[in-house]
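Notes follow the structure.
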Amino acid sequence: MDRDGILRIAKLARLEIEDGKIEKFTEEFNKILSYFEKLGEVNTKDISPFLLKNENVLREDEVIRFKDRDRILGNAPDRQDDFFKVKKVIEE
Amino acid sequence: MKGQIKEKIAGCIGKIKQADIKIHSFLEIFEHRAIEKAEQLDEKVKNGDKQGRLFGLPVAIKDNIVIKGERATCGSKILEGFISPYDAEVVKRLEREDAVIIGRTNMDEFAFGSSTETSAWGVTRNPVNPEFVPGGSSGGSAASVAAGFVPVALGSDTGGSIRQPASFCGVCGFKPSYGAVSRYGLVAFGSSLDQIGPFAGNVRDIKKIFEVIRGRDEKDETSVEFEPVYALKEKVVCGIPKEYLNCSEKVKSAVKKTIEQLPKNFEVVEISLPHTEYAVGVYYIIAPSEASSNLARFDGIRYGRRIDGSDLIDGYFKTRGSGFGDEVKRRIMLGTFALSSGYYDAYYLKAQKVRAVIKRDFDIAFKKVDLIIGPTSPVIAFKIGEITDPLSMYLQDIFTIPANLAGIPAISIPCGRGEMGLPVGFQIMAARFNDGFLLEAAEKIEEAISYE
Amino acid sequence: MSDFIPTIGLEVHVQLKTKSKMFCSCSTDFGAAPNTNICPVCTGQPGVLPAKNKRAIELAVRAGLVLNCRIEKYSVFARKNYFYPDLPKAYQISQYELPITRDGFVKLSGKKIGIIRAHLEEDAGKLLHYIGSVPVDGSLVDLNRCGVPLLEIVSYPDIDSPETAFEYLKTLRRLLRYAEISDCDMEKGSLRCDCNVSVRRSVDEPLGVKTEIKNMNSFREVREAIAYEIERQKKVLSDGGKIYQETRLWNGRKGVTVEMRRKEEAADYRYFPEPDLTPIFIDEKIIEEQRKLIPKLPAERKEKLFEMGLSEYQVDVLVEERKLCDYFIAASENSNPKEVANLIITNLLGEMNKKRLDIEEVKLNPLFVGELADLKASGKISAQVVKRIFPQMFEKNIPPSQLLKNLNIVSDEGKLEKLVWEGISENSSAWEDYKMGKEKASGRIIGWVMKKTRGSSDPATVKKILERLKDEKDFDN
Ligand SMILES: [Mg+2]
Ligand SMILES: [Zn+2]
């Protein structure tokens, strides 16, 4: 993983990384990735991925009104009336 | 006459206010809430009303378990200003049984860490020796119990975040079976690994809390109803995995001494969990992958920190870039990478397969033994600032991670002292949903052993 | 311009008919005030978890049956990760590798359109840029729709023309409405359609680069947008240009598609199995339960209606909506089906339209329509009488016989005879012709009587009187 790779991942994750830290991040990242290579030693042919088998867990189709919606709206960093507000969405 | 409960709670709060300055186990004391609840409880006493199972018991809550009307930050700046609009299921269950919630405790930012050094709100110190870390990520909860501020606290454990700090601070810490306790209201880190569990000074109190918080919750599909059986067999077979003896000398000798002191009907055999060495690698792929997705919701739109950028997209980068600390960023990026197109099979899928292999190791072992015992951590508490390399930090969790990967219950109880009198933890694991048996055995072991 | 062959595949999202959302208990009601149908779960608060709606799963199974799909015994939800202000968790819970149903088809009049898969997912919220007509200096987020259960139905690229796409959509809607899986109302957002369109010069060539068109508000617009896009691509290619893989928005006002975003880098959604949800297990019992709830579908009904002697047009109209078809079947049980079909299409639909009612809201007993149809078919009453009495029948749910009595409509020969005499004297030449044996000439007299009584006399009775009078005359001679 090189600098560009790190920046591509940071972009996917919507993270701003300070310029001065990119080098260190890349180095650490590669160290960890090479540690992961160890997993290649385990033969996983014919092994299905881990899964906790729960019975069919289903909820009845009932309406329950949440009474504290003002508490939800109250947390909004920016708000107009009962809407959450964001900077203009350009696409669409 | 002043109410007894109110007096007790006020005393508890007073002590924290005075003595937590050195430890910094609490991020906030809910003074108003706690006193109000205490007054209600005193009223109950006066009226002769029925008292809950945790009547008047002060409880501290990790900062990643939400309480309606209270702040919760997960040790992160990104959640500054957030006030939860709802209660976590465990909080409801505690309060229903008349526990008094005292405050929220410090933690590694979003539970990413093993030392409580990555909290945005400063480090927590080990009450045994303030120059040392309390472990993490539930370091605040462990320290609050170890310091004697509260008899019990709740933490969360994704790869050892309850057991390792319990071991570092010399208290008991229990991670229940995956599914035993509802995760609703626990801010998710690794959804398939996270469990809420209690800290306490002794196993009896752990049991008491577990009985209140466990059980199926409709809001958490992965929660399961089961009846723990708090009973032992005539002969209890304990397996000690040979892979778990690769630890520091002091830890090894404390564990060995404990094994020698086990109750008479406990038989010890050596076993093997052959894929133990892969557990850390598996964990550091799966947990960050799930976390990268779980933490994507912190975008500054509905709650928490928001830094506006030149446009909407830039705002995401600024908000998340400034809101998350380096360790959180590192893990989000690891997870994003492990899930990204072209790498998914080699990382995420491979890790889930090796996880299945590790779980199979346990399935085989539990056919032969009732319990698996060993050290909680390969080391004792280290100095604040001592470990800076992420990978070295990750390797701390080698003995605790497997229980999360397999979804089995595991407890850490104090079993001795290492250098500078710092505690050593003894870990006991059992098969999934044998939580009752595990706690019963832990209590017997706790009674049997002595150390100084 | 040389010939091009279009290839079209449709992705249709329909809202499943549930009371509550896919993963929380908030209402799915349309048109609520902004951010009222919300809770911690669907607004993505820290710490919340999803819990599957049983009804949504059942409806997906029913849809799978209606679409001739294989119902998977085991399926899982997955997270589709991307950032957008209308997506609070920054991932959509959808199905990816293991959808609940797959490999089906929809039969059209001429061909079959293959269905790749139909999978469950949750809807996103809504972004507003205007309040009324006032632009906002930003975008506003309403999360009422967020978490509403959707079924995404993905067709194979088996569609080769805008008309076939149109027919496919109509057929699909009819099926899903019949089985009460979805309302499929584009205006209320309970059906949305994205189209993948490409063209190539011959079937031997590989498929051309496709574009995805979005933002159509009706089936008609879908047809227009596809037609436009095919022509656009043909022209670009004929001019030696290149088609880019991109998303294009349909602009209904201008009738064109406009480039929205070009996919330089394919979006990386980082799908992985949703760890907060348990897998879905479907057994035979659930499938049988749902199968029993599926009524006879349009194709089968069509056949039956044709056998009853209805015209193609009548069949098409009646089969369009299940409740209407049920109504027809009830009304025509013991009555003349062609006449019943006429009455329903002309008079009943007319009244419903006037009053803006759905067929479910109609109070009129279908048996009364049958009765009326027989009166008309036997010539006892005229079209005008039908027209006059139908609104009252419709409104008050009264049988036609009673209305005819109340209105004095008339099979009373005594009352009519006087009028018939008047008619004869006003139309004496027609009367002469009639007497000479020209049967048709009676029409003029009957018409006069009908006109005079504004349709309330029964033509059959008038005719009978005329015949009698003619015979009486002869007798006089
Ligand atoms: Mg979709
Ligand atoms: Zn909701």
Inset, instruction - Return only the number of the condition from (1) open to solvent by 70 Å² or more (accessible area, probe 1.4 Å); (2) within 30 Å of C:ALA78 (Cα to Cα); (3) assigned to a helix (DSSP H, G or I) that C:TYR269 does not satisfy. - result: (3)
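For (1) in a loop (DSSP other than H, G, I, E, B); (2) among the basic types (Lys, Arg); (3) buried (at least 18 other Cβ atoms within 10 Å of the Cβ), each residue gets a yes or a no:
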residue	(1), (2), (3)
B:ILE13	no, no, yes
B:GLN18	no, no, no
B:ILE21	no, no, no
B:GLU36	no, no, no
B:ASP49	yes, no, no
B:VAL59	no, no, yes
B:THR73	yes, no, yes
B:ASP87	yes, no, yes
B:ILE101	no, no, yes
Legend entry - Qualifying residue in segment A:16-29 (condition: more than 20 Å from B:LEU395 (Cα to Cα), open to solvent by less than 90 Å² (accessible area, probe 1.4 Å) and acidic (Asp, Glu)): yes
Legend entry - Count of residues meeting criterion [more than 16 Å from ligand 1 (Cβ to nearest atom) and part of a loop (DSSP other than H, G, I, E, B)] in segment C:1-20: 7
Legend entry - Hits in segment C:138-175 - residues which are of a type in the set (Val, Ile, Thr) and within 16 Å of ligand 1 (Cβ to nearest atom): C:VAL148, C:ILE153, C:VAL154
Inset, instruction - Using the structure shown, decide if C:LYS214 is open to solvent by 70 Å² or more (accessible area, probe 1.4 Å), within 28 Å of C:LEU16 (Cβ to Cβ) and under 25 Å from the mean Cα position of the chain (by Cα). - result: no
Inset, instruction - Please state which one of C:LYS418, C:LYS435, C:LYS452 is more than 28 Å from C:ALA330 (Cα to Cα) and touching a Lys or Arg at 6+ places or on another chain (Cβ under 7 Å). - result: C:LYS435
Legend entry - Tally of residues being more than 25 Å from B:GLY179 (Cβ to Cβ) and within 14 Å of ligand 2 (Cβ to nearest atom) across segment C:43-60: 1
Inset, instruction - Please state which of the following conditions B:PHE366 fails to meet, knowing it meets all the rest: (1) in a helix (DSSP H, G or I); (2) among the aromatic types (Phe, Trp, Tyr); (3) at the interface with chain A (Cβ under 10 Å from one of its Cβ atoms). - result: (3)
Inset, instruction - State whether one or more residues within segment C:249-264 are within 14 Å of another protein chain (Cβ to nearest Cβ), open to solvent by less than 70 Å² (accessible area, probe 1.4 Å) and assigned to a loop (DSSP other than H, G, I, E, B). - result: no
Inset, instruction - Return yes when A:ASN43 is exposed (fewer than 15 other Cβ atoms within 10 Å of the Cβ) and modelled with pLDDT of 95 or more and no when it is not. - result: yes
Inset, instruction - Quick one: C:ILE57 ticks every box in (1) under 16 Å from C:LYS89 (Cα atoms); (2) aliphatic (A, V, I, L, M); (3) within 7 Å of another protein chain (Cβ to nearest Cβ) except a single one, so which number is it? - result: (1)
Legend entry - Boolean, C:ASN81 is within 16 Å of ligand 1 (Cβ to nearest atom) and either hydrophobic (A, V, I, L, M, F, W, C) or crowded, with 23+ Cβ neighbours inside 10 Å (or both): yes
Legend entry - In segment B:305-323, the residues that are in contact (Cβ under 8 Å) with a residue 24 or more places away in the chain and either buried (at least 24 other Cβ atoms within 10 Å of the Cβ) or more than 8 Å from chain A (Cβ to nearest Cβ) (or both): B:THR319, B:ARG320, B:GLY323
Legend entry - Some residue of segment C:89-96 being in contact with a Lys or Arg (Cβ under 6 Å, 6 or more places away or on another chain), away from chain B (no Cβ under 14 Å) and either open to solvent by 20 Å² or more (accessible area, probe 1.4 Å) or small (Gly, Ala, Ser) (or both): no
Inset, instruction - Of the conditions (1) surrounded by 22 or more Cβ atoms within 10 Å (Cβ to Cβ); (2) more than 13 Å from chain B (Cβ to nearest Cβ), C:ARG70 clears all except one; give me its number. - result: (1)
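Listed here are the residues, each with its yes/no results for (1) over 14 Å from the mean Cα position of the chain (by Cα); (2) assigned to a loop (DSSP other than H, G, I, E, B).
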{"site": "B:SER192", "(1), (2)": "yes, yes"}
{"site": "B:PRO198", "(1), (2)": "no, no"}
{"site": "B:LYS208", "(1), (2)": "yes, no"}
{"site": "B:LEU232", "(1), (2)": "yes, yes"}
Legend entry - Flag for B:VAL268 being open to solvent by 50 Å² or more (accessible area, probe 1.4 Å), away from chain A (no Cβ under 12 Å) and at pLDDT 95 or above: yes
Inset, instruction - State whether the residues of segment C:85-92 include one that is more than 16 Å from ligand 1 (Cβ to nearest atom) and more than 29 Å from C:ILE282 (Cα to Cα). - result: yes
Legend entry - Residue check, A:VAL86 within 9 Å of chain B (Cβ to nearest Cβ) and either free of Cβ contacts under 8 Å to residues at least 24 places away in the same chain or more than 30 Å from B:ASP314 (Cα to Cα) (or both): yes
Legend entry - Within segment A:46-72, considering residues that are surrounded by 12 or more Cβ atoms within 10 Å (Cβ to Cβ) and either in contact with a Gly (Cβ under 6 Å, 6 or more places away or on another chain) or farther than 30 Å from C:THR36 by Cβ (or both), the one farthest from the other protein chains (Cβ to nearest Cβ): A:LEU51
Legend entry - Pair list, Cβ < 9 Å and 6+ apart or interchain, from segment C:165-192 residues that are free of Cβ contacts under 8 Å to residues at least 60 places away in the same chain to residues that are of a type in the set (Gly, Ala, Ser) and outside any helix (DSSP H, G or I): C:GLU167/C:SER109; C:GLU167/C:GLY110; C:ARG173/C:SER182; C:MET186/C:SER218; C:GLU187/C:SER218
Legend entry - Hey, B:GLU277 surrounded by fewer than 24 Cβ atoms within 10 Å (Cβ to Cβ) and touching a helix residue (DSSP H, G or I) at 6+ places or on another chain (Cβ under 6 Å) or not: no
Inset, instruction - Can you tell me which residue within segment C:335-380, out of those that are in contact with a Leu (Cβ under 8 Å, 6 or more places away or on another chain) and not in a helix (DSSP H, G or I), is nearest to C:ARG177 (Cα to Cα)? - result: C:VAL362
Legend entry - Scan of segment B:406-452 for residues that are within 18 Å of B:PRO263 (Cβ to Cβ), open to solvent by less than 10 Å² (accessible area, probe 1.4 Å) and over 19 Å from the mean Cα position of the chain (by Cα), ordered by number: B:GLY416, B:ALA441, B:ILE445
Legend entry - Candidate set: segment C:10-33, residues that are more than 15 Å from C:GLY147 (Cβ to Cβ) and open to solvent by 10 Å² or more (accessible area, probe 1.4 Å); chosen: the one farthest from the other protein chains (Cβ to nearest Cβ): C:GLU11
Inset, instruction - With the condition kept exactly as written, say whether any residue in segment B:335-355 is under 30 Å from B:THR258 (Cβ atoms), at the interface with chain A (Cβ under 8 Å from one of its Cβ atoms) and surrounded by 19 or more Cβ atoms within 10 Å (Cβ to Cβ). - result: yes
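The values are calculated or read from the model by the stated rules, or taken from the named source; none is laboratory data. Please read these numbers as outputs of a predicted model, since none were measured by experiment. Neighbour counts run over all protein chains shown; Cβ positions are idealised from the backbone, glycine included. With ligands, DNA and RNA removed, areas are computed over all heavy atoms of the protein, side chains included. Shrake-Rupley method; radii C 1.70, N 1.55, O 1.52, S 1.80 Å.
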